[in-house]
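A short worksheet on the structure shown next.
The values are calculated or read from the model by the stated rules, or taken from the named source; none is laboratory data. Since the structure is predicted, the reported quantities are computational estimates derived from the model, not experimental observations. Here the Cβ is made from the backbone with ideal geometry for all residues, glycine too, and neighbour counts use every protein chain on show.
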Amino acid sequence: MRSILQLRVPEVAGDLNYRSGLKVSDKVEDAPSVVRFKDSQIEMSHGAGGKASRRLVEGLFAPLLLPGNMETLSDAARVEAGGATIAFTADSFVVHPLRFPGGSIGELAVNGTVNDLAVSGARACAMVVTFVLEEGLASSVLEAEVRAMAASLKRAGVKMVGGDTKVVERGKADGMYISTAGIGIPLPGVHVDARTVRPGDKVLLSGPIGDHGITILLARADLELEADLTSDTRPVLPMVEAMAAEAAPGIRWMRDPTRGGVATALNELARDCGLAVEIHEEDIPIHDGVRGACELLGLDPLHIANEGQFLAVVSPEFADIALNALHRLDAGEDACIIGEIRSDPPNTVLVNTRYGGTRIVDMLVGDPLPRIC
Amino acid sequence: MRYVDEFRNPELITKASEEIRRIADPARHYRIMEVCGGHTHAIYRFGLKDILPSNIELIHGPGCPVCVLPMGRIDDGLTIAQEPNRIFAAFGDMMRVPGAKGSPLEHKARGTDVRIVYSPADALEIARKNPEKEVIFFAIGFETTAPSTALTLMSAKAEGIENFSVFCNHVTIVPAIRAILDSPDMRLDGFIGPGHVSTVIGCRPYEWIAKSEGKPVVTSGFEPLDLLQSIVMLLRQLEAGEAKVENQYKRVVPWEGNGAALKAMAEVFELRPYFEWRGLGFISQSALRIREKYAKWDAESRYPVPETRVTDPKSAQCGEVLKGVLKPAQCKLFGKECTPEHPIGALMVSSEGSCAAYYNYEYRKSLVTSITAVA
């Protein structure tokens, strides 16, 4: 459900309903939106962040809830409120197990919200939270998560300004679900929009990919595999701010490659800008533990979720400046340029293998499933 | 990463591809079949087609167990499992494969208890932990996965675990190769032999292909360098006019196979008189069933099996693609009605199927004529 409020509202003049962030249009009834979502039931893949998720958002939610305002998908909406522009996002967290090496659901909830705003070019300033708690959840578990959230809020410099609590019957919520909404103030001079991306622009990646997704997969213990890995959950805002301070005019697009991974984020970019994204496999940093697990399970690291990385498209003249700004931070020392934008083939992500071959990388279809035979 | 990076070394790969160009006769067109779906997947994933000369054509073989499984078997397995208090366990590979009444994941959304397991032993563990439920393991695969199913059944019998059974769809590779060679429209120069299957059965079962059919076979690993080296070995044989079985994957494949695994298989399984292969039709003695002494753990003996038959739409040309007569994109349905998200034919259902591999890694490249080769 995460993406519903992540649809960008194009900058519009006139009356707005500030509370929902949706434009109130007189013309909705004149031109009824077409619901194209034909799947007979909801399956796990509709929440996996790949093609099915996109079909649901674009085919059902957007036409009915965001009529006329669905030109490109992004991580946060921009809303004009009383003459000021704010970025507005919502997110929800249903991770199992609640705690995993390197983090927990509470930490994810804060960092995820801060990151959605950061890659939309905004600094998070206020959040609200909803807890859906399962009957029988140990109070100590809840307290640990609330403490984790408090620490993350402090680290990110964000205020929690309200919330809500619901309790559901035993067996209905995997312990707890957390849902958040956050608003942010746009970073000066940063304007991210896939439609401004041009051939020749560079693709930046903040660090090694796949740590979060593989850590969670292994923590579920179904596979009885172990690796020396921790989730990468962290706020990317300090990195985005450092980059923006020196290279703001060159930043054209950003995204945090969460569910669906780098491949899905770049495919959305390719589609939204109508160009080709060409990446070089050997330039993409991946920890050995992630590579090993992916080789063993038949997964593509490009499809694995991240919670503390971001991708950026930067104009060529600012690419090195942005990269150097990241390299000066401890958190950004692994940042690198992984590819560039080309005009051809349109709407496509192309990977150069290290042997001079090329392959197409598509969005994730469904959930990443281990391949055995 | 050890045992992987050595076989992806770009310099060695460049050398191997130069060697291929040196040996291959530019006036000759080579048609080489890689039997195993894992090879097909690797060829596309690593972009190997781009670094082979154009007169070496790789034909994708029948070695994808998910692809060759008739749709009716999936419906049968899921029909048995949808009764209350039953658990359907299968590999991740199976989860999105559609039966006529939906895939295991769709059944899960409708309420069937569907579990993804990494090995049949995990399914047995689910049975141990849920004594009030009956666990049905939906077994698929060639000789690669059959030994682990056999060992699991032996454990279930030894421990007397009675709430566990196997719906057996194991198939054997050699009859499928024979069926392909018997096909009149098939012209092949040689085979890249299956790697994982050969770790179990060894290389000897392929000798008839060299002796009677006169086609060289090289059993190959799955890394880019393995595949290129196997092509070098095949070309050397073809240029010398030889036909023999060679083993490129010596670091894993013993010539005689794995005796312990073969023994476990012989203990538990026997050959079925015939079995249907999706895209190829009925092939005699091409699949395994569970022996009478394990009947208690055989889902087909234990539960009534509806024996659903689902025919693929006539417009789907899976058989022709499977035999290498047509390229994936030449099928009438490819990329239109039939896509990895909504597969109609067998070869689109698994990422190892040639249509899905072609669609995922190659298809859109071919739509653009101006694409520049990346040297």
Residue in segment A:335-344 that is under 17 Å from A:Val197 (Cα atoms) and modelled with pLDDT under 95 present: yes
Residue identified as surrounded by fewer than 22 Cβ atoms within 10 Å (Cβ to Cβ), of a type in the set (Gly, Ala, Ser) and in contact with a Phe, Trp or Tyr (Cβ under 7 Å, 6 or more places away or on another chain) among A:Ala76, A:Ala81, A:Ala90: A:Ala81
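Quick grid of which residues meet (1) crowded, with 18+ Cβ neighbours inside 10 Å; (2) over 21 Å from the mean Cα position of the chain (by Cα); (3) among the hydroxyl-bearing types (Ser, Thr, Tyr); (4) part of a helix (DSSP H, G or I):
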position	(1), (2), (3), (4)
A:Asp232	yes, no, no, no
A:Pro257	yes, no, no, no
A:Glu282	no, yes, no, yes
A:Ala293	yes, yes, no, yes
A:Gly308	yes, no, no, no
A:Ile321	no, yes, no, yes
Looking only at segment B:170-193, and only at residues there that are surrounded by fewer than 24 Cβ atoms within 10 Å (Cβ to Cβ) and part of a loop (DSSP other than H, G, I, E, B), the one that is nearest to the chain's Cα centre (by Cα): B:Thr172
Complete set of residues in segment B:125-151 that are within 14 Å of another protein chain (Cβ to nearest Cβ), crowded, with 24+ Cβ neighbours inside 10 Å and in a helix (DSSP H, G or I): B:Ala146, B:Thr149
Residue within segment A:214-223 that is in contact with a Ser or Thr (Cβ under 9 Å, 6 or more places away or on another chain), under 24 Å from A:Arg291 (Cβ atoms) and not hydrophobic (A, V, I, L, M, F, W, C) present: yes
All strands (runs of 3 or more DSSP E) inside segment A:151-209 with 2 or more residues being hydroxyl-bearing (Ser, Thr, Tyr): A:176-186
Residue match in segment A:84-91 (condition: of a type in the set (Gly, Ala, Ser) and over 12 Å from the mean Cα position of the chain (by Cα)): yes
Options A:Ala150, A:Ala138, A:Ala126; residue that is touching a strand residue (DSSP E or B) at 6+ places or on another chain (Cβ under 7 Å) and small (Gly, Ala, Ser): A:Ala126
Some residue of segment A:347-362 being more than 14 Å from chain B (Cβ to nearest Cβ), within 23 Å of the chain's Cα centre (by Cα) and surrounded by fewer than 24 Cβ atoms within 10 Å (Cβ to Cβ): no
Yes/no for A:Ala263 being more than 14 Å from chain B (Cβ to nearest Cβ) and either touching a Ser or Thr at 6+ places or on another chain (Cβ under 8 Å) or of a type outside the set (Lys, Arg) (or both): no
Residue in segment A:324-338 that is of a type outside the set (A, V, I, L, M), more than 8 Å from chain B (Cβ to nearest Cβ), touching a Lys or Arg at 6+ places or on another chain (Cβ under 9 Å) and in a strand (DSSP E or B) present: no
The one condition in (1) of a type outside the set (S, T, N, Q); (2) within 14 Å of chain B (Cβ to nearest Cβ); (3) surrounded by fewer than 22 Cβ atoms within 10 Å (Cβ to Cβ); (4) touching a Cys at 6+ places or on another chain (Cβ under 9 Å) that A:Gly298 fails to fulfil: (4)
Segments classed as helices (runs of 4 or more DSSP H), wholly inside segment B:253-327, with at least 2 members that are surrounded by fewer than 15 Cβ atoms within 10 Å (Cβ to Cβ): B:259-268
Cross-chain or 6+ apart pairs with Cβ under 7 Å, segment B:180-205 first and among the acidic types (Asp, Glu), then assigned to a helix (DSSP H, G or I) and buried (at least 17 other Cβ atoms within 10 Å of the Cβ): B:Asp189/B:Leu238
Top-ranked residue of segment B:152-169 - restricted to ones that are of a type in the set (A, V, I, L, M, F, W, C) and either outside any loop (DSSP other than H, G, I, E, B) or under 14 Å from B:Leu288 (Cβ atoms) (or both), ranked as farthest from the chain's Cα centre (by Cα): B:Ala158
Leading residue by the ranking (surrounded by the most Cβ atoms within 10 Å (Cβ to Cβ)) among those in segment B:209-224 that are within 21 Å of the chain's Cα centre (by Cα) and in a helix (DSSP H, G or I): B:Pro224
Residues of segment B:80-118 that turn out to be at the interface with chain A (Cβ under 8 Å from one of its Cβ atoms) and of a type in the set (Ser, Thr, Tyr), as a count: 1
Single residue of B:Arg8, B:Arg22 found to be of a type in the set (D, E, K, R), at the interface with another protein chain (Cβ under 8 Å from one of its Cβ atoms) and surrounded by fewer than 22 Cβ atoms within 10 Å (Cβ to Cβ): B:Arg8
Where a residue in segment B:43-56 is more than 7 Å from chain A (Cβ to nearest Cβ) and its partner, wherever it lies, is crowded, with 21+ Cβ neighbours inside 10 Å and among the charged types (D, E, K, R), with Cβ under 7 Å and at least six apart: B:Ile43/B:Glu34
From B:Gly72, B:Gly77, B:Gly63, residue being within 13 Å of chain A (Cβ to nearest Cβ) and either acidic (Asp, Glu) or crowded, with 16+ Cβ neighbours inside 10 Å (or both): B:Gly63
For B:Asp75: the one exception among (1) of a type in the set (Asp, Glu); (2) touching a helix residue (DSSP H, G or I) at 6+ places or on another chain (Cβ under 8 Å); (3) within 30 Å of B:Val305 (Cβ to Cβ): (2)
Conditions (1) facing chain A (nearest Cβ under 10 Å); (2) farther than 30 Å from B:Lys108 by Cα; number of the one not met by B:Gly37: (2)
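Residues checked against (1) over 23 Å from B:Phe222 (Cβ atoms); (2) over 22 Å from the mean Cα position of the chain (by Cα):
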{"site": "B:Glu18", "(1), (2)": "no, yes"}
{"site": "B:Leu52", "(1), (2)": "no, yes"}
{"site": "B:Leu58", "(1), (2)": "no, no"}
{"site": "B:Pro62", "(1), (2)": "no, no"}
{"site": "B:Pro70", "(1), (2)": "yes, no"}
{"site": "B:Leu78", "(1), (2)": "yes, no"}
{"site": "B:Glu83", "(1), (2)": "yes, yes"}
{"site": "B:Gly99", "(1), (2)": "yes, no"}
